[in-house]
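Each reported figure results from applying straightforward, stated rules to the coordinates on display, with no laboratory input. The model shown is predicted, which means the values in this text are computed figures rather than measured ones.
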Amino acid sequence: MSMHPMKKMKPKSQQVQVDLKQADTIKCSECNNYLFITSFILKRLSALVSPNGQEALIPVQVYSCGNCGKVADGMLEGSGVEEDEGKSSFPTLDI
Ligand SMILES: [Zn+2]
């Protein structure tokens with residue numbers, strides 16, 4: 001009885017094939033839209049806390065809903081921006 005190793009551990013090709021059907025589509029939690037646009041939160045670093053002693057403008061890239069403008073969940077973490085629940089600057093349309 002010969003034991004042929006049937007499974008050869010071939011190194012996978014460099015290109016990683018990702019089946020996007022297996023990946024979750026992130027949708028806006030407000031309006032279910034799935035198209036996002038890149039936006040920037042601009043943080044102004046005061047000269048007092050800036051490493052080089054100069055006031056600095058720091059852009060933080062986030063993705064916001066292309067429909068209602070809501071920043072995708074989790075994107076604001078660590079940015080120091082509080083999400084305003086309930087107080088929306090966008091007028092909402094109930095269809
Ligand atoms: Zn939205």
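Give me a comma-separated list of calculated 3J(HN,Hα) values for segment 63-77, in order, Karplus coefficients 6.51, -1.76, 1.60 applied at θ = phi - 60°, integers in Hz, x for any Gly or Pro.
My calculation for segment 63-77 gives 10, 10, 4, x, 9, 10, x, 5, 6, 3, 4, x, 6, 8, 5 Hz in order.
Could you list log10 I(q)/I(0) for segment 27-75 at q = 0.32, 0.33 Å⁻¹, which the Debye formula gives when each Cα is one point scatterer?
The computed values of log10 I(q)/I(0) come out as -1.08, -1.11.
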